[in-house]
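Participant: If you scroll down you'll find the structure; I have some questions about it.
The values are calculated or read from the model by the stated rules, or taken from the named source; none is laboratory data. Just so you know, these numbers come straight off a predicted model, no measurement behind them. Ideal geometry is used to build each Cβ from the backbone, glycine not excepted, and the neighbour counts take in all protein chains shown. Areas reflect the complete protein model, heavy atoms only, side chains present, ligands, DNA and RNA absent. Shrake-Rupley method; radii C 1.70, N 1.55, O 1.52, S 1.80 Å.
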Amino acid sequence: MHHNGSQQDNDIELERSADSWLKSMEPREPSEQNRGATPLELLFDLVFVVAISIASSQLHHGLSEHHVAEVLPLYIMVFFTIWWAWMNFTWFASAYDNDDIAYRLITFMQIIGSLVLAAGVNQVFTDHDFSVCVLGYLIMRFGLVMQWLRAGFADPKRRKTAFRYAKGIVLVQMGWIIYQLKLVTFTQLEFVALAFMEMCVPIWAEKANATTWHPEHMAERYGLLTIIVLGETIMASFTAIHTAIADPKISIDNQLICLTVGGMIMMFSVWWSYFARQAPEILTSSNKAFYWGYGHFFIFLSIAAIGAGLAAGVDVITGHSKISAQQAEYAIAIPLSIYSLVVWLIHDLQTDYGWYKLWHPMTVLLILLFPLWGNVGHVTLAIGIFYALCIVFRQVFLLRGKPSG
C-alpha cells in the first residue's frame, strides 16, 4: 500500500511538472478575484522604461538644440512603437496568462526584443535609421504571434479572434519588413499608415468574439506603467539639475530652486490626478476599453515629455540651450496640458456631470497662459502650484457634490 501511494504521488508530481511546462492556454475569468500584476509583468514594464528613458533624453536634447520640428515627430514615432508593443502584451496577458514555462520563455523573447528596440532608439534620432528598432519590434511581435496561436488552439470559443490577431499582426509586420528591404528612410506618412493598420488589428479581431481581459487587472497595469514613466520623468529632470549643480561655473540660484520645487509639485499632481479616478468604472465594454486604452498613448507620451521639458528648462537657466525662456516654458506647459486634456477625454467626460465636465478644459487654457509671464523657474513653480490647487479643488469640492448614479 505504501508503495502504491508513493507511485501515485510520483505520477501526480510528474503531471504537475508537465503542466507547468506546457499548460493549456485557456482564457482567464474576467471576474477573477484579487487579480493583480505578476512579477513577470513588472519585469516587462521595467525593461520597457529603458527605451522610454532614451527617447525622452533625445527629446530633451532636441528641445535644447532648437530642433523641435525635427525631433518631435521622431519622438512620437519611437514612442508609438514602444507603447504599442507594451500594450499588446498587456491585454493578451490579462486574458490568457497561464504562467507556464513556455509562456515565460516567449515573454523573455519579447523582453529581448524590447532591449534591441531600446538599443536602436539613438540611431533613429541621429541617423533617422529605424532598422534596429524595427528588428527589436519584429522579435516582440513574433513572440506575440506565438502566444496568440497557442490561445487559438486552446480556446475554441475565441479561436477565430486569436487567429485574427495572429494573421493581422503577421500581415502588418510584412509591411515593416518591406520598408526595411527597400533600404529607404521611413517617411512620416508611411509610418502613420502602418501605425493605423496596427491599431485596426485588435478592433477587427475583437469583433469575432471579445477576449476575457480583466478590468481591475488592466487598470492596475496601466497605473503601474504610469508610475514607472513618472519615475523616469523625475529621473530625467533631476539628472539635468544634478549635472548643472555639479558644474563649478554654475551657482544655484532662485530660478533653479523654483524649477526643482515646481517640477516636483507638478509630478505629484500628475500622480494624484491620474489615481484619483477609478478606471474599472470606464472599462465596461470593448468599445470603451479601446477608447481608454488607446488614449493612454498620449498620457504616457506627455508625461515623459514633461521630464524632457523640465530638463530643457534647466539648460535655459544654466545657459546651455539655444531656445528662449518662453519656448522652454511652453515645452513644460504643453505636455502637461495634453496630459490633463486626455485624462478629461478618456475619463471625466464620461463620468462627470454638468459643468464639472468643463473643469479640466478650463485649467488647460489657464496653464497655457503662464508662459506669457516670468522666467522659467518662476513659471514652472507657478504652473505646479496652480495645477495642484486645481486637483485639490476637484477632489475636495467638485467630487463631494457629485451626483450618484
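Participant: Ordered by residue, what ³J(HN,Hα) values in Hz, to whole numbers, does the stretch 321-332 give under the Karplus form 6.51 cos²θ - 1.76 cosθ + 1.60, where θ = phi - 60° and Gly and Pro are x?
Facilitator: Whole-Hz 3J(HN,Hα) from phi for the stretch 321-332: 9, 9, 9, 7, 4, 5, 5, 5, 5, 5, 5, 9.
Participant: Relative to the longest principal axis of the C-alpha atoms of the chain, give the angle of the C-alpha long axis of helix 215-246, reported between 0 and 90° and rounded to the nearest 10°.
Facilitator: 40
Participant: State to the nearest 20 debye the size of the charge dipole of the chain about its Cα centre, where the only charges are +1 on K and R beta carbons and -1 on D and E beta carbons.
Facilitator: Magnitude of the dipole: close to 960 debye.
Participant: Evaluate the relative contact order of the chain (contact order divided by residue number), counting alpha-carbon pairs under 8 angstrom at least 6 apart; express in whole percent.
Facilitator: RCO, the chain: 19 percent.
Participant: So what's the angle, to the nearest 10 degrees on a 0 to 90 scale, between helix 101-127 and the longest Cα principal axis of the chain?
Facilitator: Around 30 degrees separate the two axes.
Participant: In degrees between 0 and 90, to the nearest 10, how far off the longest principal axis of the chain does helix 286-317 point, with axes built from Cα atoms?
Facilitator: For helix 286-317, the angle is close to 40 degrees.
Participant: Principal axes first, then extents: for the Cα atoms of the stretch 23-116, list largest minus smallest coordinate on each axis, whole Å, largest first.
Facilitator: Reported extents, whole Å, longest axis first: 53, 26, 17.
Participant: Cβ neighbours within 10 Å, averaged per peptide: list 253-259, 227-233, 189-195, 290-296 in order, most packed at the top.
Facilitator: Listed from highest to lowest mean packing, they are 227-233, 253-259, 290-296, 189-195.
Participant: Rounded if a/c is under 1.5, else prolate if a/b beats b/c, else oblate: with a ≥ b ≥ c from the C-alpha gyration tensor eigenvalues square-rooted, which is the stretch 274-344?
Facilitator: prolate
Participant: Report the extension gain between SER286 and LEU366 in nm, rounded to one decimal, defined as 0.36 nm multiplied by the number of residues separating them, less their alpha carbon distance.
Facilitator: Extending this stretch completely gives an extra 25.4 nm.
Participant: Here's a follow-up. Give me the compactness ratio for the stretch 118-181, meaning the Cα radius of gyration over 2.2 N^0.38 Å.
Facilitator: It is 1.37.
Participant: Please report, in Å, the Rg and the Dmax of the chain, where both are computed over Cα atoms only.
Facilitator: 23.5, 88
Participant: Further question on the same structure: For labels at TYR294 and ILE177 in the simple 7 Å Cα→Cβ model, what's the distance in nm?
Facilitator: 2.7
Participant: Could I ask something else about it? How long, wide and thick is the stretch 90-152, going by the Cα atoms along their three principal axes, in whole angstroms, largest first?
Facilitator: 41, 18, 16
Participant: Kindly write out, for the stretch 363-369 in residue order, the coupling ³J(HN,Hα) from the Karplus curve 6.51 cos²θ - 1.76 cosθ + 1.60 (θ = phi - 60°), rounded to whole Hz, with x marking Gly and Pro.
Facilitator: Each residue of the stretch 363-369 in turn: 5, 4, 4, 5, 4, 6, 8 Hz.
Participant: Could you work out the pair-distance distribution P(r) of the stretch 251-396 from its alpha-carbon pairs, with 5 angstrom bin width and percents rounded to whole numbers?
Facilitator: Taking every Cα pair in the stretch 251-396, the percentages come to 2, 10, 19, 22, 18, 12, 8, 5, 3, 1, 0, 0.
Participant: Right, another one. Would you mind telling me the share, in percent, of accessible area of the stretch 145-268 contributed by carbon and sulfur at probe 1.4 angstrom?
Facilitator: Carbon and sulfur atoms account for 72 percent of the accessible area of the stretch 145-268.
Participant: For the chain, what is the calculated [θ] at 222 nm in deg cm²/dmol (nearest 500), taking -39500 (n - 2.57) for each run of four or more DSSP H residues and dividing by its residue count?
Facilitator: It lands at -26000 deg cm²/dmol.
Participant: For the stretch 326-375, what's the radius of gyration and Dmax over Cα atoms, in angstrom?
Facilitator: Cα-based Rg and Dmax for the stretch 326-375 come out at 12.3, 38 Å.
Participant: May I pose another question? Taking the stretch 208-320 on its own, what percent of its Cα-Cα pair distances exceed 20 Å?
Facilitator: So the pairs more than 20 Å apart make up 50 percent of the total in the stretch 208-320.
Participant: Same structure, new question: With a 1.4 Å probe and all protein chains left in place, how much accessible area per residue does the chain have, in Å²?
Facilitator: The answer is 45 Å² per residue.
Participant: Kirkwood hydrodynamic radius for the stretch 76-231: how many Å is it when counted over pairs of different Cα atoms?
Facilitator: 16.3
Participant: Could you sort 110-120, 125-135 so that the peptide with the highest average Cβ count within 10 Å comes first and the rest follow in order?
Facilitator: Put in order of decreasing packing, that is 110-120, 125-135.
Participant: Eight or more residues apart or on different chains, and alpha-carbon atoms under 28 Å: count the Lys pairs in the chain matching that.
Facilitator: Step by step, the pairs that qualify in the chain add up to 17.
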